[in-house]
Amino acid sequence: MLFAGTHAGVYLLRRGLFMPWELPQLLGSEIAAEGLAVLAPLEHLNRGMDPDPGTQFGRAAALESSFYLRNQLLRDADWAGMAHSVEIRTPLVDATLLKTLAPDLVSGDALKRKELLADAPTRPLPSPVRNRKKTGFNVPVARCLTSDGALNGWSRVPVLADRRCPWARRWAHTVFSNVVHPAIS
């Protein structure tokens with residue numbers, strides 16, 4: 001497979017949790033080959049840019065909105081909102097608002113872009129909302145993976161046992177081996 005020579009390939013290298021050449025070590029050669037043949041990741045990613053947006057930025061935006069935004073961020077926001085009985089609104093998913101603001105959002109400095117968004121509602125957002133500090137949301141997955149013996153099957157896989165390995169890779173392997181395909185663990 002060619003990765004660095006195509007937009008889809010570069011996107012897969014940037015966003016992929018595991019590289020295709022790592023999969024045989026994690027899943028076994030047969031399952032990895034079958035999965036790659038069935039899923040055809042490069043072809044799937046290329047369909048996310050059809051029709052071709054025509055620019056480098058447009059292709060990156062199409063891939064991000066088709067795969068990361070829709071399949072990860074919006075899903076996670078929906079799950080988190082429903083878990084707390086909160087209806088979440090994602091304004092930049094609104095095509096009318098995005099079309100109106102897009103020319104100004106792709107140019108200019110970040111502060112100006114935030115002001116445009118804050119001023120977009122009929123009643124602009126109040127100063128305390130506009131100027132509050134950013135807050136994060138963390139789930140202690142990394143700690144759970146090391147403290148719970150039932151979740152440490154990843155430690156027997158050399159590429160995952162490396163201390164520099166990101167927790168997300170360990171978590172993906174844990175979910176796959178415990179839930180999707182228990183014979184792997």
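The values are calculated or read from the model by the stated rules, or taken from the named source; none is laboratory data. Computed from a predicted model, the values in this text were never measured in an experiment. Cβ coordinates were reconstructed from backbone atoms using ideal geometry, including for glycine residues, and neighbour counts include every protein chain displayed.
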Residue count, the range 126-145 (criterion: in contact with a Lys or Arg (Cβ under 9 Å, 6 or more places away or on another chain) and free of Cβ contacts under 8 Å to residues at least 24 places away in the same chain):
1
Being surrounded by 14 or more Cβ atoms within 10 Å (Cβ to Cβ), touching a helix residue (DSSP H, G or I) at 6+ places or on another chain (Cβ under 9 Å) and of a type outside the set (S, T, N, Q) is the filter here, so list the residues in the range 36-61 that pass it.
36, 41, 42, 45, 48, 49, 53, 59, 60
The correct count of residues that are small (Gly, Ala, Ser), part of a helix (DSSP H, G or I) and within 27 Å of residue 122 (Cα to Cα) in the range 49-92 is 3
Out of the residues in the range 111-153 that are hydroxyl-bearing (Ser, Thr, Tyr) and assigned to a loop (DSSP other than H, G, I, E, B), which is farthest from residue 91 (Cα to Cα)?
135
Within the range 77-97, identify whether any single residue is under 25 Å from residue 11 (Cα atoms) and more than 23 Å from the chain's Cα centre (by Cα), and answer yes or no.
no
Mind counting the residues in the range 1-48 that are more than 24 Å from residue 177 (Cβ to Cβ), over 18 Å from the mean Cα position of the chain (by Cα) and not in a helix (DSSP H, G or I)?
6
Taking residue 166, is it surrounded by 10 or more Cβ atoms within 10 Å (Cβ to Cβ) and assigned by TED's automatic domain parsing to the domain that holds residue 182?
yes
